[in-house]
1. Using 7 Å Cα-to-Cβ label points, what is the S57/A93 separation (nm, one decimal)?
2. What ranking do L78, L98 get, fewest neighbouring Cβ atoms within 10 angstrom at the top?
3. For every other residue with a beta carbon closer than 9 angstrom to the beta carbon of K50, add +1 if it is Lys or Arg and -1 if Asp or Glu, then tell me the sum.
4. What nm value, rounded to one decimal, do you get for the distance between R126 and L165 when each label is placed 7 Å out toward the C-beta?
5. Explain nothing, just compute: Karplus ³J(HN,Hα) = 6.51 cos²θ - 1.76 cosθ + 1.60, θ = phi - 60°, for every residue of the range 79-88 in order, whole Hz, x for Gly and Pro.
Amino acid sequence: MKFLLKWAFRLFLLLLVLLAVLALSFDTIITGIAEGRLRRQTGLEVHLGKLELRPWSGRARAEQLVIYNPADFGGGPLVNVAELHVEYDATLAKERKLHLSVLRFNLAELNIVVNKEGQSNLDGVRKAVEEIRRGQRVTRTNTPMEFAGLDMLNLTLGKGTWTDLRVSGTPREFDLGIRNEVVQDMKDSKELVAKLTPLLVRAGLAFFGVGQPAPVTNAPSALKTSEAAVPVK
């Protein structure tokens, strides 16, 4: 009897250790699964630094999500998302309704490449995703969820680069200029679009250099103070 109790106790301890290891490696396992799924969904190379899923409490967080360009656009990073943090209503999610209480999105880098035929890498990605989705059967699990509102968005858009292979192929860097901008109380998709549009327009103008001060080249020497003070008649 003592022998059985002894081994039962050892087995119990072993199960506790296995559960602890599984709990500690849960995020690592989920990260690998998500990384593979993103590759299949997009047809692109993907690297995901870390993914935390807490569906029982309505939280999810991804770090260092890098999606790479197709090979014919150089294969370099297309987007680098430093952080995507989501808090949502878990009860509504079961009904295929997505209500977000908090969404924090930090885009570290966006790289646009135009090839020698005048096509952008975004066009290439869109076509690749559309071809993959055409071959998929629509089921309840991949049917889009109904958007049911967003209480607070914290948005950061960092660096952008533009590379035109028809010209020089040298990347031009821009600061998109959006840092921790907070947008609140978006009850439906129309309000979401309306409140995000000014920020995205601002970032788009920055990306293409519109409204940025022109660099000073071959500037004439400054006028003497006495000359500058003389009014023009």
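None of the figures in this text is laboratory data; all of them are computed from the coordinates on show. Every value quoted in this text rests on a predicted model; they were computed, and no experiment measured them. A quick note on method: Cβ atoms are made from the backbone with ideal geometry, for glycine too, and the neighbour counts reach across all protein chains shown.
1. Reported label-point gap for S57 and A93 is 1.2 nm.
2. L98, L78
3. Summing Lys/Arg as +1 and Asp/Glu as -1 gives -2.
4. 1.9 nm
5. Once rounded to whole Hz, the list reads 10, 10, 9, 5, 7, 9, 10, 10, 10, 9.
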